[in-house]
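The values are calculated or read from the model by the stated rules, or taken from the named source; none is laboratory data. Everything numeric here is computed off the predicted structure, so don't read it as measured data. Cβ sites come from the backbone with ideal geometry, for glycine too, and all protein chains shown count toward neighbours.
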Amino acid sequence: MYLLEVRDLTKHFGGIRAIEEVRFRAREGSITSVIGPNGAGKTTLFNCLTGITRPTKGVVSFLNNEITGIKPDKAVKLGISRTFQNIRLFREMSVLENVMVSQHCRTRSGLLSAIIKNKAFKNEEQAIREKALEYLELVGLENYSDTVSGNLPYGSQKRLEIARAVATEPRLILLDEPTAGMNPQETAEMMGLIRKLRELGKTVILIEHDMKVVMGISENIVVLDHGVKIAEGTPEEIKRNPLVIEAYLGKEH
Amino acid sequence: MAESGIQNSKFKIQDSKPGKIHSPFFIALWLSLLFLPFKGIKAASILFVSLLLLLFIFRAFSGYAKILMDKLNAMRESIIERFKAVYAGSEASGMIAYSLLFVFLFAIPFFAKDYFIDVLILAGIYIILAQGLNIVVGFAGLLNLGFVAFYAIGAYSYALLNTKLGIGFWPALPLSLALVTLSGFVLAVPALRLKGDYLAIVTLGFGEIVRLVFNNWDSLTKGPNGIGGIEPPHLFEMHVSRLSHYYYFILFFVVLTVFIIRRVKASRIGRAWLAIREDEIAAASIGINTISYKLYAFAFGAFWAGLAGVLFAAKMQFVSPESFTFMESVLILCMVILGGLGSIPGIILGSVILVMLPEMLREVQLYRMIALGSGLVLLMIFRPQGIFGGKSVSSGG
Amino acid sequence: MLPIYTYLIFSVLKPLLFLLKSSVFVQQVINGLTVGGVYALIALGYTMVYGILELINFAHGEIYMLGAYLGIIFLGFFTAIGLTSFSLPLSLFLAFILSIIFCSSYGYTMEKIAYKPLRNAPRLSPLISAIGVSIFLQNYVMLTQGATDKVFPHIVENAGLEIGGVSVTYIQLFIITVSVLMMLSLHIFITRTRMGKAMRAVAQDKTMASLVGINIDTVISVTFVIGSGLAAVAGLMVASYYGLVNYSIGYIAGIKAFTAAVLGGIGSIPGAMFGGIFLGLIESLSAAYISPEYKDAYAFIILIIILLIKPSGLFGKSQEEKV
């Protein structure tokens, strides 16, 4: 079954064609990588899928429902969450709070119950806290729950962002360059974490530059160049695709 | 925001260049020359000499000043630590601290002068106002420069309901609060499409429009003359008009305000506000409807300003547009920033300081606004995060 | 059917035509242009500083107020020493020059003391610092010059031209001419000179500008100096136009000029010029045709309406945040 289906997705910024008629599908429980040179339109694609920018044309459907141009918070509610290329944590909030606030759309207590602190409110707060700790454990940050998140080292911030994305209880997670700037050991850990996400039943789409990561974990690879999809297939197919080689290495080779 | 963070790091490039160090003589001469046309040669010379002395003293003692600053900082830290210990410590010690505080606050009218109680009542009204503004600026990170508008609407609602329709305090209170909250929504709906500075200026405009309406709608508000003869509140058939009674009355509302706002801050609503303040795009990407939550922040903040307004009108038994100028908005903002954006106890302290200080400086009344102005500049340069070091003021958008 | 339409159209157009023909309208346009020229001059200072520092220089209105006071002080001084009776144009010219020099120095000093230390601080800090400066300057003038209105010396006659029921005073002509001249010279400065180009470069990208050897501190200082100079001219002209000044005029004029800058799209220099004149026209026309009591409110109402339709101002470019 396909969780996500993208048809002819196009986004123009003024005269610039960021992405042009991109189409691909992501099977439930799979890991898909989106690769391509810088400026290929990968992040724009993510922005269109998560409602941060509105596509110019085309259709995004999730679980067979069209969700093109949906608002970001609605997308999360449906089960799509994401991380950012340049980490966007709530820097002055603690690690735990970052994950707690992510359960916002899965909780419901209102103003009144917060003021009178009734039973339902207390139970919900308790559950939020426990789940948040669980998610922190998943990414290995359970010992840092009281640290101010802006003070975490870079790699931990990246992992916290993933915990935050998972805390929204998504079916589809979009990771924007999860291993960028990491050393080989951190990269290996991150690959493990991504596999763990799939074991939890999440579908993962990631933007990635590290070919070892891409070839190592993805089932399907989508290659973008100048906003256009030039290839799609399994790691083996992509490795042999002349168009991809050309896009990465130039025409002479 | 991440973007401004990048901007800031860009700026640092030219910081590495050695800055020019001006001599005290030159600085004193320059400032006195600027002063010269305004007060003549004699005053300018006096200014020159005193500036020169001041700068030399400052330079000579700057080493000591630093030590003094460190000492003060350490003192502040230890006070905060103790506060935190009370907060986080065992229930019992917290309860004891709170009860002591309550007994003290309760006992004040028994030994304090009327004048002092009067000042405290005013401080209480400002605490409520500043806590309300803190929700908008400190929690949700939206700079509101026209907050006084809601204070004015609250005060005028009660004044009009009471004097025109003869509605008493208790039935008028919910009506006024509903009206203010509604006006919070009305302003927020258009304003929230705007970012940062644009939002600030539109809220400022809203504040001015509200004041001008009250000032010019003579048939309803009697214009600049104001509305007098407003009834004080009554409790069990008794008018709360004696100063000490009104003190307790205000104290009750202050405690209620702080209690409720603390609870809301610790809920998912409060967390959502903080997330929006930290990074709006990230907040939307974890499923927070940023538009609605900004709306709630505006309306919830306005609610408290309205309460303060009603209490103010009932205390003074008189309202006029003069009490609701832009300077009032600035003063409330100063309380929030001085106390530390987002910090509830800090803002209580900030409000009390800014109400008390001018009262203590009565002898030098003329200079207090000058002191407030320079104080703001110095605060931003040396301690932008306020006394309680909540959060330093961040981007308004 | 046709006659009904003609009637309807006519009934709508007739008052409009009358309105256009009436001398009241032309008179209000001239008044509006006068005030608008002044707003534009102040708005330029806001927009230039915003373009470079992204700071609402809240104290800019106070510089304009200082300009008005300084003009009165210097003219008073010149009268006392007999220069005005010797040569009125010379003393007026000197008053202008001295006001400009002093206001520019105030602007320069203000930047060095209140904004420069905050250049790496979060966005709100300099704004609050600016509010502090504004409060300081207002009370500084109130303490030194008194809280009552100051009268502009009656040395310039209130004469003018009268054409078909519309009167234009020489002061109005003077204000409109000077405003246009100042704007033209600023335009030439920005587009033609080295410093003007450096300013544009800094406004676009500070890192790149400093990498190609532009001294950013100098550019910022020059921006404040020019903006304050323009405000000084505006202040002096308004003082001579209304004949009265008060320490609080800076606040409301500043707010309106900022509104004008936002109307035109803040950061855009032609936008500020257009916004100022547009605002002046709106204000004087609505004061005449709707109600003069709310004169000060129209600026804000217009601002809110325009920002609702186009959140980045009339001439501003909308910017999407990069993700």
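If I filter region A:54-83 down to residues being in contact with a Ser or Thr (Cβ under 7 Å, 6 or more places away or on another chain) and of a type in the set (V, I, T), which single residue comes out as farthest from A:V213 (Cα to Cα)?
Of everything passing the filter in region A:54-83, A:T56 is farthest from A:V213 (Cα to Cα).
Kindly provide the set of residues from region B:280-300 that are over 16 Å from A:G51 (Cβ atoms) and either more than 24 Å from the chain's Cα centre (by Cα) or touching a residue at least 60 places away in the same chain (Cβ under 8 Å) (or both), ordered by number.
The answer is B:Y293, B:K294, B:L295, B:A297, B:F298, B:A299, B:F300.
With of a type in the set (D, E, K, R) and part of a loop (DSSP other than H, G, I, E, B) as the only criterion, which of A:R17, A:R88, A:R7, A:R23 stands out?
Residue meeting the stated conditions: A:R88.
Can you find a residue in region C:231-241 that is surrounded by 18 or more Cβ atoms within 10 Å (Cβ to Cβ), more than 28 Å from C:D149 (Cα to Cα) and under 17 Å from the mean Cα position of the chain (by Cα)?
There is no residue in region C:231-241 that is surrounded by 18 or more Cβ atoms within 10 Å (Cβ to Cβ), more than 28 Å from C:D149 (Cα to Cα) and under 17 Å from the mean Cα position of the chain (by Cα).
Within region C:210-226, work out how many residues are within 10 Å of chain B (Cβ to nearest Cβ) and part of a helix (DSSP H, G or I).
Adding up the residues that qualify gives 4.
Listed residues A:G181, A:G192, A:G201, A:G110; which is more than 15 Å from B:I286 (Cα to Cα), not aliphatic (A, V, I, L, M) and not assigned by TED's automatic domain parsing to the domain that holds A:V244?
A:G110
Can you tell me which residue among C:F74, C:F96, C:F102 is in contact (Cβ under 8 Å) with a residue 24 or more places away in the chain, within 20 Å of C:N246 (Cα to Cα) and either among the charged types (D, E, K, R) or away from every other protein chain (no Cβ under 13 Å) (or both)?
Criteria check complete, one pass: C:F96.
Any residue in region B:13-34 that is part of a helix (DSSP H, G or I), at pLDDT 85 or above and within 33 Å of the chain's Cα centre (by Cα)?
Within region B:13-34 (the criterion being part of a helix (DSSP H, G or I), at pLDDT 85 or above and within 33 Å of the chain's Cα centre (by Cα)), the answer is yes, since at least one residue qualifies.
Could you pull out the residue among C:Y69, C:Y64, C:Y115 that is touching a residue at least 60 places away in the same chain (Cβ under 8 Å) and within 8 Å of chain B (Cβ to nearest Cβ)?
C:Y69
If you take the residues in region B:354-370 that are aliphatic (A, V, I, L, M) and surrounded by fewer than 17 Cβ atoms within 10 Å (Cβ to Cβ), which one is nearest to the other protein chains (Cβ to nearest Cβ)?
Here is the first cut: in region B:354-370, the residues aliphatic (A, V, I, L, M) are B:354-357, B:360-361, B:364, B:366, B:369-370.
From what's left, surrounded by fewer than 17 Cβ atoms within 10 Å (Cβ to Cβ): B:356-357, B:360-361, B:364, B:366.
Working: B:M356: 19, B:L357: 15, B:M360: 18, B:L361: 14, B:V364: 11, B:L366: 6 Å.
The qualifying residue nearest to the other protein chains (Cβ to nearest Cβ) is B:L366.
Per-residue answers, yes or no, for (1) surrounded by fewer than 24 Cβ atoms within 10 Å (Cβ to Cβ); (2) touching a Gly at 6+ places or on another chain (Cβ under 6 Å):
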position	(1), (2)
B:G309	no, yes
B:F312	no, no
B:M316	yes, no
B:F324	no, no
B:E328	yes, no
B:I332	no, no
B:M335	no, yes
B:G339	no, yes
B:G346	no, yes
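Please verify whether region C:126-141 includes one or more residues that are over 24 Å from the mean Cα position of the chain (by Cα), facing chain B (nearest Cβ under 7 Å), at negative phi and of a type in the set (S, T, N, Q).
no
Could you check, for region B:88-101, whether at least one of its residues is surrounded by fewer than 11 Cβ atoms within 10 Å (Cβ to Cβ), within 27 Å of the chain's Cα centre (by Cα) and modelled with pLDDT under 80?
Among the residues of region B:88-101, at least one is surrounded by fewer than 11 Cβ atoms within 10 Å (Cβ to Cβ), within 27 Å of the chain's Cα centre (by Cα) and modelled with pLDDT under 80, which makes the answer yes.
Would you check which residues across region B:241-264 are more than 8 Å from every other protein chain (Cβ to nearest Cβ) and in contact with a helix residue (DSSP H, G or I) (Cβ under 7 Å, 6 or more places away or on another chain) and list them?
Across region B:241-264, the qualifying residues are B:L243, B:S244, B:Y246, B:Y247, B:I250, B:L251, B:F253, B:V254, B:T257, B:V258, B:I261, B:R262.
Return yes or no: is C:N158 polar (S, T, N, Q), at pLDDT 90 or above and within 28 Å of C:F78 (Cα to Cα)?
Against the criterion (polar (S, T, N, Q), at pLDDT 90 or above and within 28 Å of C:F78 (Cα to Cα)), C:N158 does not qualify.
Mind counting the residues in region A:12-48 that are crowded, with 21+ Cβ neighbours inside 10 Å, hydrophobic (A, V, I, L, M, F, W, C) and either away from chain C (no Cβ under 12 Å) or under 23 Å from A:K239 (Cα atoms) (or both)?
Residues meeting the conditions: 8.
Those residues that are in contact (Cβ under 8 Å) with a residue 40 or more places away in the chain and of a type in the set (F, W, Y), I need them from region C:137-156; list them, please.
Hit for region C:137-156 is C:F152, nothing else.
For region C:240-261, give me each residue that is under 10 Å from C:E62 (Cα atoms), within 11 Å of another protein chain (Cβ to nearest Cβ) and of a type in the set (V, I, T).
Selection gives C:I252 alone.
Residues of region B:203-233 being more than 19 Å from the chain's Cα centre (by Cα) and within 8 Å of chain C (Cβ to nearest Cβ), which ones?
Of everything in region B:203-233, those that are more than 19 Å from the chain's Cα centre (by Cα) and within 8 Å of chain C (Cβ to nearest Cβ) turn out to be B:I209, B:L212, B:V213, B:N216.
In region B:359-370, is there at least one residue being at pLDDT 85 or above and either farther than 20 Å from C:I128 by Cα or within 19 Å of the chain's Cα centre (by Cα) (or both)? So that I can check it myself, show each step before the final result.
Going through region B:359-370, the residues at pLDDT 85 or above turn out to be B:370.
Right, trim to either farther than 20 Å from C:I128 by Cα or within 19 Å of the chain's Cα centre (by Cα) (or both) and you get B:370.
Yes, there is a match, as at least one residue in region B:359-370 is at pLDDT 85 or above and either farther than 20 Å from C:I128 by Cα or within 19 Å of the chain's Cα centre (by Cα) (or both).
Would you call A:S102 among the small types (G, A, S), within 11 Å of chain B (Cβ to nearest Cβ) and farther than 23 Å from A:L49 by Cα?
Numbers: among the small types (G, A, S): yes; within 11 Å of chain B (Cβ to nearest Cβ): yes; farther than 23 Å from A:L49 by Cα: no.
For A:S102, the condition - among the small types (G, A, S), within 11 Å of chain B (Cβ to nearest Cβ) and farther than 23 Å from A:L49 by Cα - is not met.
Among the residues of region C:272-302, write down those that are assigned to a helix (DSSP H, G or I) and within 12 Å of another protein chain (Cβ to nearest Cβ).
C:P292, C:E293, C:Y294, C:K295, C:D296, C:A297, C:Y298, C:A299, C:F300, C:I301, C:I302
Is it the case that some residue within region C:120-131 is under 18 Å from C:A68 (Cα atoms) and touching a Phe, Trp or Tyr at 6+ places or on another chain (Cβ under 9 Å)?
no
Would you check which residues across region B:303-322 are hydrophobic (A, V, I, L, M, F, W, C), assigned to a helix (DSSP H, G or I) and away from every other protein chain (no Cβ under 14 Å) and list them?
Those that are hydrophobic (A, V, I, L, M, F, W, C), assigned to a helix (DSSP H, G or I) and away from every other protein chain (no Cβ under 14 Å): B:A305, B:L307, B:A308, B:V310, B:L311, B:F312, B:A313, B:A314, B:M316.
Given the options C:L55, C:L44, C:L33, name the one that is part of a loop (DSSP other than H, G, I, E, B) and either within 23 Å of C:M199 (Cβ to Cβ) or within 13 Å of the chain's Cα centre (by Cα) (or both).
That would be C:L55, the only listed residue that is part of a loop (DSSP other than H, G, I, E, B) and either within 23 Å of C:M199 (Cβ to Cβ) or within 13 Å of the chain's Cα centre (by Cα) (or both).
Can you tell me how many residues in region A:164-194 are assigned to a helix (DSSP H, G or I) and within 11 Å of the chain's Cα centre (by Cα)?
Our first condition is that a residue be assigned to a helix (DSSP H, G or I); within region A:164-194, this holds for A:164-166, A:184-194.
Checking which are within 11 Å of the chain's Cα centre (by Cα) leaves us with A:164-166, A:194.
Residues flagged as assigned to a helix (DSSP H, G or I) and within 11 Å of the chain's Cα centre (by Cα) within region A:164-194 amount to 4.
Is region B:266-277 home to any residue that is over 18 Å from A:K74 (Cα atoms), within 14 Å of chain A (Cβ to nearest Cβ) and in a loop (DSSP other than H, G, I, E, B)?
Taking every residue of region B:266-277 in turn, at least one turns out to be over 18 Å from A:K74 (Cα atoms), within 14 Å of chain A (Cβ to nearest Cβ) and in a loop (DSSP other than H, G, I, E, B).
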